[in-house]
Amino acid sequence: MRPLRLEVEGFTSFVERQSVDFSGLDLFAVTGPTGAGKSSLIDALVFALYGQVPRVGDDYKQLISHGADRLSVLLEFEVGGESYRIARTARRAGASKQRLERLEGDEARALADKARDIRARIETILGLDYDGFTRAVVLPQGQFDEFLKGEPKERRKILVSLLSLGIYDAMQKLANQRSRDARREVGFLTEQLERDFAEATPGTLEARKADLARAEEGAAAVGQALAALEEGLTLAGKARTARRQAEALERDVAQEEKRLREAEETQARGDEARADLETEVKALAERMDGLGFDPERHTALVAARPRAEQLARLRGQGERLEQDRTRKQEASETGRKSVAVAAAAVPSAEEERAGAEAVLEAAREAREEAHRQHAAVALRRELRVGEPCPVCEQRVPAVPKGGAPALDAVKEKVESAEKAARAAAVAAERARLTLQKAEGEVAGLEKDLARLEEQAGELAPQVGTLERALGEAGYGDDDLRDPAALVARIASDLEGLERARKERSELESARSGLEKKRVALEKDLARASAQRDAARARLEEIGGRRAEALGLVEESLPLLARLAASGGWEGLAAPGDGRDEVDVLEGLRVARHDESRDLAARVGALKAEVERIGRKIERAVELREKKERLDADAALLKTLADHLRADELVAWVQEEALARLAEDGSRHLGTLSQGRYALRLGSGEAAAAGSRAEQDFFVVDRWNADGVRSVKTLSGGETFLASLALALALAESLARLSAGGRAADALDSLFLDEGFGALDGETLDTVVSALDALHGGQRLVGVVTHVRDLAERMPARLEVRRSGRTAHAVVV
């Protein structure tokens, strides 16, 4: 498992959202002051994967930042070339939410969203449960030495996960299950062969083939008999058709003879009716000639009547126009006189208005003078001899004497003059309006006279046109002098002609009716003649066809008799009872068809039986061969299951893994302790002797006569070195023993939290060199430390700093 990106918010020291990119890191140190939140990053990574952390277990709500109501963690990581993303959110109140996805390019496919399902998926993906992960991949603060000093059964549990040893148990169970399945199928095949394939023998097959040959011979014979019956039915059908055709033609002869008699009778009656119609038409023609109706005279009168009526109207209209013109001329003369009188009155009225306006102007000037004098008298009352004048500011030598004029008398004169001026102006305006009105009336009368003259001029051509047209119609000047009398005369002439026209029209209608009857009669006669000729031709045709049909009957019967003799058809010679040869042969064919159908069904059933027995013989061979293979497979699978017993193979692999861990860890511990210590398995005595009877770790002190003692006796710094040696061995060696190859993926990262404070500078250099060799450019190794010397020795650092209320992580 290699982390790619970690995002936290509301998680212990990281109150605000913080994102850490691991994609460019290999070997690095997580540094910062105590309490800054270094270990919280490792806790967030573990929480994202398993939903719990070593410090608080699954009571993760303690990790929510102070003052926050929720925490959220998002981790993107890679395992075996596959990329995943897991996100978790927890609230102080309410349920948590989580989601696991596989990243496929730009898309994300959901894998699980429930806590239990996600944990199962993570354990499958990483190959480690929570306990194994926190002992082999993330070594938390305070729990660094649990794999070294822990119980043997816990180490074995971790090794089972890391090495995927559970696969051997699964293989054993699968082998046993498949062996039982094979045995069960063998029993089923045995029972099936005995029950379903007992008749599948070559003898049974040959017997069914013989039955099939006999049935096919019988079906062929029936087929030949049916063919002969079909031929006989064809001949009998021809004879039946010809016989029935002859009978039908006999009936047709009677019908055609009846039609011939009816046509001849119809033609005789038609000839008599045609002679009667010709007589009636001749009588009508004589009556029409005696009417004396002149169509041309009638047409001329019809055209002259509207012209005479129009002439009468125009003559009346001309007389009215002349009367109107006379009246308008008289009114125009009267109007001109009125204009002259009004024109003479206008100058006099204007002179009177001018005089009244002059009097008014004089009265207004007298009023102004009186007002000035009155103001002067008022001013004199305020003057004092020797004081300045308020108007001219000169000293007053003496105050003038005199009384104020009467203003009321002056006012009355002005009002009287204004009234007289208004009256004069009204009179002058009235005289002017009277003149304008008289002039307008005269102008209107002159326009009316001009219009009347124009209308009279328009009437003259129309009257002339009508008189010429009526003259052409034969009417003279005497007739035209009184158009009204001419209209009455034309109406009287038209009335007589109209009576003659109506009578002639009635006679025309009668003659037309007779003509229609004559045409219809001619058609009836033509149809009767055609019917007579057709009946005669039809009788001749029917006679020929009847003779031909009777000849076909005589031709078919001998051929049918020979077929009956060869086929043994009984009852064909004298059918009787309304039945003929077709009915007899049809009955024989139905019986043969039934026999043929039964034989065909038997042939089909026998063919199917032959094919079924053949297939069953082949299937029986296949089943016996399959039974033999399953017997062999069941025995082989049982042998494999016996060899895969978990208490033997798994125990051996665990011992080999612990031995390799002890060997590789001893090598690393020797380097880290400058050759002083080595690791072995077993109890004190067993370890001293090199035995691995007990799966427990002991330390060999090279500097103390190779003394063997428990790892629990090591000091804090020595314990850290021993645990680090095992961690390095786990990361390097176990991939080679993994059954499923998952150990290499699970141990692709290693996180160490604290423990370096007890090491001197030289040992720190050794530790850094070992860690650098471990990551080898492929594995991610992170060291959580507050030891500055160690951090500075690392190729990269992830510094955790506090800023205000939240922590920040920066790669430097």
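For Glu333, are the conditions met, namely being modelled with pLDDT of 75 or more, part of a helix (DSSP H, G or I) and closer than 30 Å to Gly457 by Cα? Walk me through it before giving the result.
Values: modelled with pLDDT of 75 or more: yes; part of a helix (DSSP H, G or I): yes; closer than 30 Å to Gly457 by Cα: yes.
Against the criterion (modelled with pLDDT of 75 or more, part of a helix (DSSP H, G or I) and closer than 30 Å to Gly457 by Cα), Glu333 qualifies.
What are the pairs, 6+ residues apart or on separate chains, where a residue within segment 31-48 that is over 17 Å from Leu75 (Cβ atoms) and modelled with pLDDT under 90 has its Cβ under 9 Å from a residue that is charged (D, E, K, R) and part of a helix (DSSP H, G or I)?
Close Cβ pairs satisfying both conditions: Gly32/Lys38.
Among the residues of segment 66-90, write down those that are over 16 Å from Ile42 (Cα atoms) and either touching a Leu at 6+ places or on another chain (Cβ under 9 Å) or among the charged types (D, E, K, R) (or both). Give the derivation first.
Going through segment 66-90, the residues over 16 Å from Ile42 (Cα atoms) turn out to be 66-70, 78-85, 89-90.
Asp69, Arg70, Glu78, Val79, Glu82, Ser83, Tyr84, Arg85, Thr89, Ala90, listed by residue number.
For Gly67, are the conditions met, namely being under 24 Å from Ile125 (Cα atoms) and either open to solvent by 10 Å² or more (accessible area, probe 1.4 Å) or out of contact with any Asp or Glu (no Cβ under 6 Å at 6 or more places or on another chain) (or both)? Please lay out each step first, then the result.
Working: under 24 Å from Ile125 (Cα atoms): no; either open to solvent by 10 Å² or more (accessible area, probe 1.4 Å) or out of contact with any Asp or Glu (no Cβ under 6 Å at 6 or more places or on another chain) (or both): yes.
Taking the combined requirement at face value, the residue does not satisfy it.
From the list Leu679, Leu637, exactly one residue is touching a strand residue (DSSP E or B) at 6+ places or on another chain (Cβ under 8 Å) and either acidic (Asp, Glu) or surrounded by 18 or more Cβ atoms within 10 Å (Cβ to Cβ) (or both). Which is it?
Details: Leu637 fails: touching a strand residue (DSSP E or B) at 6+ places or on another chain (Cβ under 8 Å).
One residue alone meets the criteria, Leu679.
State whether one or more residues within segment 768-785 are basic (Lys, Arg), open to solvent by 70 Å² or more (accessible area, probe 1.4 Å) and modelled with pLDDT of 70 or more.
Step one: list which residues in segment 768-785 are basic (Lys, Arg), which gives 779.
Add one more test, that the residue is open to solvent by 70 Å² or more (accessible area, probe 1.4 Å), and what stays is none.
Among the residues of segment 768-785, not one is basic (Lys, Arg), open to solvent by 70 Å² or more (accessible area, probe 1.4 Å) and modelled with pLDDT of 70 or more, which makes the answer no.
Can you tell me which residues in segment 702-716 are open to solvent by less than 100 Å² (accessible area, probe 1.4 Å) and not in a strand (DSSP E or B)?
Within segment 702-716, the first condition is being open to solvent by less than 100 Å² (accessible area, probe 1.4 Å), and the residues that meet it are 704-711, 713-716.
Asn704, Ala705, Asp706, Val711, Thr713, Leu714, Ser715, Gly716 - these are the residues of segment 702-716 that are open to solvent by less than 100 Å² (accessible area, probe 1.4 Å) and not in a strand (DSSP E or B).
Only one of these is at pLDDT 95 or above, closer than 21 Å to Leu752 by Cβ and buried (at least 21 other Cβ atoms within 10 Å of the Cβ): Val8, Val53. Name it. Spell out the reasoning first.
Numbers: Val53 fails: at pLDDT 95 or above.
Exactly one residue qualifies, and that residue is Val8.
Is there any pair with a first residue in segment 203-232 that is within 14 Å of Glu609 (Cβ to Cβ) and a second that is of a type in the set (Lys, Arg) whose Cβ atoms are under 8 Å apart and which are 6 or more apart or on different chains, and what are they?
Hits for this filter: Leu212/Lys607; Ala215/Arg602.
When segment 590-609 is examined, which residues are found to be open to solvent by 50 Å² or more (accessible area, probe 1.4 Å) and touching a residue at least 12 places away in the same chain (Cβ under 8 Å)? Spell out the reasoning first.
Kept after step one, since they are open to solvent by 50 Å² or more (accessible area, probe 1.4 Å), are these residues of segment 590-609: 590-595, 597-598, 600-602, 605, 607-608.
Across segment 590-609, the qualifying residues are Arg592, His593, Glu595, Ala600, Arg602, Lys607.
Here is a yes/no grid of residues against (1) outside any helix (DSSP H, G or I); (2) not acidic (Asp, Glu):
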residue: Pro3; (1), (2): yes, yes
residue: Val8; (1), (2): yes, yes
residue: Glu16; (1), (2): yes, no
residue: Ser23; (1), (2): yes, yes
residue: Pro33; (1), (2): yes, yes
residue: Ser40; (1), (2): no, yes
residue: Glu78; (1), (2): yes, no
residue: Tyr84; (1), (2): yes, yes
residue: Ala87; (1), (2): yes, yes
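Taking segment 111-130, which residues are open to solvent by 30 Å² or more (accessible area, probe 1.4 Å) and touching a Lys or Arg at 6+ places or on another chain (Cβ under 7 Å)?
Passing the criteria: only Asp113.
Tell me the residue from Glu548, Glu570, Glu625, Glu541 that is out of contact with any strand residue (DSSP E or B) (no Cβ under 9 Å at 6 or more places or on another chain), within 30 Å of Arg184 (Cα to Cα) and surrounded by fewer than 15 Cβ atoms within 10 Å (Cβ to Cβ), please. Before the answer, list the steps.
Numbers: Glu548 fails: within 30 Å of Arg184 (Cα to Cα); Glu570 fails: within 30 Å of Arg184 (Cα to Cα); Glu541 fails: within 30 Å of Arg184 (Cα to Cα).
Exactly one of Glu548, Glu570, Glu625, Glu541 is out of contact with any strand residue (DSSP E or B) (no Cβ under 9 Å at 6 or more places or on another chain), within 30 Å of Arg184 (Cα to Cα) and surrounded by fewer than 15 Cβ atoms within 10 Å (Cβ to Cβ), namely Glu625.
So how many residues does segment 610-621 have that are at pLDDT below 85, of a type outside the set (Lys, Arg) and open to solvent by 40 Å² or more (accessible area, probe 1.4 Å)?
So the count comes out to 3.
Which of the residues that make up segment 367-398 are of a type in the set (A, V, I, L, M, F, W, C) and open to solvent by less than 50 Å² (accessible area, probe 1.4 Å)?
Going through segment 367-398, the residues of a type in the set (A, V, I, L, M, F, W, C) turn out to be 370, 375-379, 383, 385, 389, 391-392, 396, 398.
Those that are of a type in the set (A, V, I, L, M, F, W, C) and open to solvent by less than 50 Å² (accessible area, probe 1.4 Å): Ala370, Ala376, Val377, Ala378, Leu383, Cys389, Val396.
Starting from residues that are assigned to a helix (DSSP H, G or I) and of a type in the set (A, V, I, L, M, F, W, C), keep the ones in segment 372-388 and report whichever is nearest to Lys411 (Cα to Cα).
Initial filter on segment 372-388 (assigned to a helix (DSSP H, G or I)): 372-380.
When the remaining residues are screened for being of a type in the set (A, V, I, L, M, F, W, C), the result is 375-379.
Numbers: Ala375: 16, Ala376: 18, Val377: 18, Ala378: 19, Leu379: 22 Å.
Checking each candidate, the answer is Ala375.
Name the one entry in Glu272, Glu262 that is over 30 Å from Ala564 (Cβ atoms), surrounded by 12 or more Cβ atoms within 10 Å (Cβ to Cβ) and not aromatic (Phe, Trp, Tyr).
Working: Glu272 fails: surrounded by 12 or more Cβ atoms within 10 Å (Cβ to Cβ).
Answer to the selection: Glu262.
Residues that are within 46 Å of the chain's Cα centre (by Cα), without any contact (Cβ under 8 Å) to a residue 24 or more places away in the chain and at negative phi: does segment 21-28 have at least one?
Checked against the condition, which is being within 46 Å of the chain's Cα centre (by Cα), without any contact (Cβ under 8 Å) to a residue 24 or more places away in the chain and at negative phi, segment 21-28 yields at least one hit.
Restricting attention to segment 121-130, does a residue exist that is assigned to a helix (DSSP H, G or I), touching an Asp or Glu at 6+ places or on another chain (Cβ under 9 Å), under 16 Å from Ala44 (Cα atoms) and modelled with pLDDT under 90?
Within segment 121-130 (the criterion being assigned to a helix (DSSP H, G or I), touching an Asp or Glu at 6+ places or on another chain (Cβ under 9 Å), under 16 Å from Ala44 (Cα atoms) and modelled with pLDDT under 90), the answer is yes, since at least one residue qualifies.
With Leu640, Leu724 as the choices, which residue is part of a helix (DSSP H, G or I), modelled with pLDDT of 75 or more and touching a helix residue (DSSP H, G or I) at 6+ places or on another chain (Cβ under 6 Å)? Give the steps one after another, and end with the answer.
Working: Leu724 fails: touching a helix residue (DSSP H, G or I) at 6+ places or on another chain (Cβ under 6 Å).
Matching residue, one of Leu640, Leu724: Leu640.
Which residue, of Lys447, Lys419, Lys437, is open to solvent by 90 Å² or more (accessible area, probe 1.4 Å), modelled with pLDDT of 80 or more and over 30 Å from Lys328 (Cβ atoms)? Spell out the reasoning first.
Working: Lys447 fails: over 30 Å from Lys328 (Cβ atoms); Lys437 fails: over 30 Å from Lys328 (Cβ atoms).
Exactly one residue qualifies, and that residue is Lys419.
Which of the following residues is open to solvent by 20 Å² or more (accessible area, probe 1.4 Å), at pLDDT 85 or above and part of a loop (DSSP other than H, G, I, E, B): Ala108, Ala95? Let's see the steps before the verdict.
On the way: Ala108 fails: part of a loop (DSSP other than H, G, I, E, B).
That would be Ala95, the only listed residue that is open to solvent by 20 Å² or more (accessible area, probe 1.4 Å), at pLDDT 85 or above and part of a loop (DSSP other than H, G, I, E, B).
Quick check on segment 786-812: of everything there that is in a loop (DSSP other than H, G, I, E, B) and in contact (Cβ under 8 Å) with a residue 40 or more places away in the chain, which residue is most open to solvent (accessible area, probe 1.4 Å)?
Arg805
Is it the case that some residue within segment 341-352 is more than 21 Å from Leu433 (Cα to Cα) and modelled with pLDDT of 80 or more? Show your work before the answer.
Applying the first criterion (more than 21 Å from Leu433 (Cα to Cα)) to segment 341-352 yields none.
Looking through segment 341-352, none of the residues is more than 21 Å from Leu433 (Cα to Cα) and modelled with pLDDT of 80 or more.
The values are calculated or read from the model by the stated rules, or taken from the named source; none is laboratory data. Here the structure is a predicted model, which means the values were calculated and not measured. Ideal geometry is used to build each Cβ from the backbone, glycine not excepted, and the neighbour counts take in all protein chains shown. Protein only, heavy atoms only, side chains kept; ligands, DNA and RNA dropped before computing areas. Shrake-Rupley method; radii C 1.70, N 1.55, O 1.52, S 1.80 Å.
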